[in-house]
1. If you rank V50, V262 by fewest surrounding Cβ atoms within 10 Å, what's the result?
2. In nm, to one decimal, how far is the modelled label at L311 from the one at M97, with both set 7 Å along Cα→Cβ?
3. How high is the FRET efficiency between R194 and F330 when r is their beta carbon distance and R₀ equals 22 Å, given to the nearest 0.05?
4. Within the chain, which complete DSSP H helices have Cα atoms spanning at least 24 Å along the helix axis and a mean Kyte-Doolittle hydropathy of -0.5 or higher?
5. Going 7 Å from the Cα of Q256 in the Cα-to-Cβ direction, what parts of segment 192-233 have a backbone nitrogen less than 16 Å from that spot?
6. Evaluate the charge dipole of the chain about its Cα centre and quote only its size in Debye, nearest 20, assuming +1 on the Cβ of each Lys and Arg and -1 on the Cβ of each Asp and Glu.
7. Once the convex hull of the C-alpha atoms of segment 233-381 is built, how many Å³ does it hold per residue, rounded to a whole number?
8. Explain nothing, just the number: dipole magnitude of segment 108-226 about its Cα centre with +1 on each Lys and Arg Cβ and -1 on each Asp and Glu Cβ, in debye rounded to the nearest 20.
Amino acid sequence: MLGEYINFYLKQKILPWRQDLKDLEAHFQRRKSLYRHLGILPNFVRGRSVLELGPGSGHNSIFTASLEPSCLVLVEPHPEAILDIKNLFANFPNGGMKFEIVPSTLEEYESDQRFDFVFCEALLCGLPTPNKFLKKVADLVDVGGILVVTSMDDVSLFPDSLRRLFAQLLIDPDLSEEENLNWLTEVFEPQLSRLNGMTRSAKAWVLDNMINPTWDKHTLMEIIQTLSEEFVVFGTSPHFLVDWRWYKHLYGKNRQVNQRFVEQYWQNVHNFFDYRCVSPVRSRAENERLYQYCDSCRRLIRTFETDQRQLVLSEILELINKIYEEFVSFSAETAEAIREAHSLLANSKIDSKKLSTSPSFGALFGRGLQYISLERKSGEC
């Protein structure tokens, strides 16, 4: 299940999950903000059991450990990541925090314990069978416990889908993998420097998003469809859930928490496209149309990676125009970025300097990963 995903990272000299933790206080504040979006106050974790799957270098685990859970189990298969975790915990200012590292893939991991909190971040989107994986993860959550997972959909991915297309057009088959990685880093680093809150190196980001063959989506809708019988939505980040219903009406079948989540997702999915902008809700029909355009475009971009025919590129350009038309009426800033990307792609040869310094498209990034927390049901929800 994890073979290609793990093997890709095992062969790389750069571990793309490494982050700059020089400002540890800022990192902890970001994690606290995330937890609040997800409905998890830091004190809720104290004295509880926590499982983290695929923690990478442990930069998020160190925050979890600081909340003083009764036990913290980290399941990580990558040997270099395990070394990173050990070094990070050993050098943490308030050392001595208890944790256990299990050097294992999820397929190999076995435990009779069920945990109060299970975190699985930035993992599902790279797997060939994410829903099967998700069900196994969910089985590790205790009744009344919280599962936190991440997703990416075709709308939030769209700006980086375009960058991946640009990367395919810029890669030189006569250069080595390392030389192409350095070349793409040079092109995209000026754009990444404009992304507020960026904590990864540009080279690691390019490796993970432009070159990684397992790069793909796994959506919030898929998560709900897979888990809705046993789990109910608890929170999201970005936090787009609003419920004006009177709490006294919210009992039994009237609660419909997951159904309300689905409704609000489709009303707001256009806001995943550009992290700089928040626009009023749209109809489900409008956003389903936008989603379909983005989905079709991403599929064609993946096709283009192995079949670089001009016909495929022409179809992509047509879809970009349709997506531009969706935004032009309510988000001029986003529409201009899309128009600029279309103009760059329409040229017979990509101008790498213009791409690198593009004033509008260079600042366009989607909301990337969406986080969702779900409570394991103890009764009818």
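1. Values: V50 23, V262 17.
Least to most surrounded, the residues fall as V262, V50.
2. The modelled label-to-label distance comes out at 5.5 nm.
3. In this case the efficiency is close to 0.45.
4. Numbers: long enough: 284-304 (30 Å, -1.07); 310-327 (26 Å, 0.48).
Taking the DSSP H segments of the chain (at least 24 Å long, mean hydropathy at least -0.5), we get 310-327.
5. Counting backbone N atoms under 16 Å from the label point, the list is 233.
6. Rounded to the nearest 20 debye, it is 1060 debye.
7. Details: hull volume 20.4 nm³, N = 149.
That works out to 137 Å³ per residue.
8. Using only the charged Cβ atoms, the result is roughly 380 debye.
Laboratory data are not the source of any read-out in this text; all were calculated from the coordinates shown. Bear in mind that the values here come from a model prediction, so they are computed numbers and not experimental data. Ideal geometry is used to build each Cβ from the backbone, glycine not excepted, and the neighbour counts take in all protein chains shown.
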